[in-house]
Structure formats: C-alpha cells, structure tokens
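The values are calculated or read from the model by the stated rules, or taken from the named source; none is laboratory data. No experiment lies behind these values; they were computed from the predicted model shown. Every residue, glycine as well, gets a Cβ built from its backbone with ideal geometry; the counts of neighbours run over all protein chains shown.
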Amino acid sequence: MLVTTTKMLKDAVAGQYAVGHFNINNLEWTKAVLLTAQENNSPVILGVSEGAAKYMGGFDTVVGMVNGMLKGLKITVPVALHLDHGSYEGAQAAMEAGFSSVMFDGSHYAIDENIKKTQEIIAIANSKGISVEAEVGSIGGEEDGVVGAGEIADPSECKLIADLGVDLLAAGIGNIHGAYPENWAGLDFGALAEIKAKTGDMPLVLHGGTGIPVEMITEAISLGVAKINVNTECQWTFAAATREYFEAKKDLVGKGFDPRKILGPGFEAIKATVKEKMEIFGSINKA
Ligand code: 13P
C-alpha cells in the first residue's frame, strides 16, 4: 500500500540520511526503482512530473500501475507516489487519482499568492491524509519545460510557508535541474543552515540531485535535507544502455527488436543508478 512521505522523512531527519525521490517515466523505470528499493530494504519516493503522467496515460494510469506493482512484485518497503512540481490544478487532480503525496510548486507566484494557494492545497491534502511539499525560491535549470533561475530561497519566506503546515519543503540553495555548469558555485550551505534554523525539524528537499558531489550531499543531509530528487542521471544511464543495445544489434536485421529485450539493459542501468544513489543518501536498510 502507498504511504505518505511523512513518517519516512521524519525518520530520515532523525537518522541523518535522505530518502531518494526517483522520477518515473514509464513501466520499466517504475519497476526498476521499486525492485531496487525492495532489494535494498530502502524506503523510496516515486516522483511523477505532470508531463510524465500525461505521457504514461494520465494520473489514474500511474496510480493503477504503481499499485499493481506493489502487489504483483510483493513490495513491502515504504513507497510514496509523489507529484513532482505540481501546478495548482495538477496537484488537485493527482490527489483525486490516489497519489499519496504532492508537491505544489507555487514558487513562480508572488509570495502572497503562493501562500494562499499552498493553504488551499494543504486543506484538501489534510482531508485525504496526503503529504504536501511546497517550494520557495525556484530551482535552476529546466525540467519538463519549466525554467527556473536558481534563486536562493529567503529563510523568512521558508518559515512562512513551513508554518502553513506543509510536510516537506524544497528550498532553492543554488541547485539546478540537469547538468551543473563548469562554473557552478556549489550549494549555498550558509543559506541552508539559516533555513534549517528557522524551520526546525521540517524535512528539507534537495532538487537537482544529479551530479552533486558526494561531499556536498553529505553536508546537505547533515543540515536537514531528507529527500533528494534524481531524474536526469537515470535518463543518462537509461539512454546510454539503450544506445549500446542498438549498437550491438545493428547488424542483426530482424533480430532483437522485442521491446522487452530492447529496454532490458536500460532497466538494469536504472537499477544500478538507483542503488548507487541509495548508498550515497544512506537509505539502505532504513525501511
Ligand atoms: P535532476 O534532473 O537534476 O536529477 O533533478 C530532478 C529533480 O529535482 C526533480 O524534481
């Protein structure tokens, strides 16, 4: 059964580790993440962007697929199904469909509007027992067509949003979706420490988990980061493995075109990437 992120992230804050949020884009990714979590006795969060949900056939399809896999694959570790960067309407639709957790990304609204809309989403989520992630200070880079400038969150605004009753808070601290540029200044740990001081035990979320050096991940976890989002790195390893498969098969006309075989190496690649991240985040054997 799906669970919210509340208990798993409370445990992570107390135990000083982070739970991986891995974006899913199709059946193979979903199965790879779930099996890796089970094999490593790790809690896990399946992140679904609105674009990915649309691609997979809508929120109901995603909920049906994930619930089916929990049963069919006998997954017993805690799993949350979480809407990633949800719009106001998208968050409501995902909750209606059966997601156990939603992010309402109101970071592009003025703070007053962000607060008002976040409050409305929290009221609905509370009535259904769903956890809510809010965002302050946009995450840099591009994700699913949404481009953020990568601003550093204002700690006082973080406190304002945290006090509305959100369960987890994403705060921009110089993190970027996708590849980090050569001249990236790194995470702003001063800002993170201030945010932590103002928000107490609130689990903090680090978006843009691809390509952040391990030492920075460790420091971020020590300052209250309890959920780390990874998407691009799985795309890279999945694409590389698939490309290699076709390269190896290119002379075999008419052979090796069974989709289950084509996507097999990519599936294994995602499993390896997810396991590596779980090791870095420290969530193995924390289920
Ligand atoms: P990356 O694509 O950089 O791994 O970030 C993922 C993310 O933050 C999803 O919300």
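Descriptive notes on the structure:
- One residue stands out in the stretch 23-77 among those that are in contact with a Gly (Cβ under 8 Å, 6 or more places away or on another chain) and not in a helix (DSSP H, G or I): the one that is nearest to the ligand (Cβ to nearest atom), namely 23.
- Identity of the residue in the stretch 109-119, more than 28 Å from residue 210 (Cβ to Cβ) and either within 16 Å of the ligand (Cβ to nearest atom) or part of a helix (DSSP H, G or I) (or both), that ends up modelled with the lowest pLDDT: 111
- Taking (1) of a type in the set (D, E, K, R); (2) within 15 Å of the chain's Cα centre (by Cα); (3) more than 16 Å from the ligand (Cβ to nearest atom) in turn, residue 244 satisfies each apart from (2).
- Meeting the requirement of 2 or more residues that are surrounded by fewer than 21 Cβ atoms within 10 Å (Cβ to Cβ) and at pLDDT below 95, the strands (runs of 3 or more DSSP E) wholly within the stretch 120-188 are 146-148.
- Within the stretch 66-75, the set of residues being over 17 Å from residue 4 (Cβ atoms) and surrounded by fewer than 18 Cβ atoms within 10 Å (Cβ to Cβ) comprises 68, 71, 72, 73, 74.
Residue-wise test of (1) under 15 Å from the mean Cα position of the chain (by Cα); (2) in a loop (DSSP other than H, G, I, E, B); (3) modelled with pLDDT under 95.
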site	(1), (2), (3)
226	yes, no, no
229	yes, no, no
239	no, no, no
273	yes, no, no
280	no, no, no
283	yes, yes, no
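- Selection status of residue 265, out of contact with any Asp or Glu (no Cβ under 6 Å at 6 or more places or on another chain), loosely packed, with under 13 Cβ neighbours inside 10 Å and closer than 21 Å to residue 24 by Cβ: no
- Cβ-Cβ distances below 8 Å connect the following pairs, each with a first residue in the stretch 224-248 that is without any contact (Cβ under 8 Å) to a residue 40 or more places away in the chain, a second residue that is within 12 Å of the ligand (Cβ to nearest atom) and of a type in the set (Val, Ile, Thr), and a separation of six or more residues or different chains: 236/210; 237/273.
- Residue that is within 30 Å of residue 162 (Cα to Cα), away from the ligand (no atom under 16 Å from the Cβ), surrounded by 13 or more Cβ atoms within 10 Å (Cβ to Cβ) and charged (D, E, K, R), where the choices are 219, 233: 219
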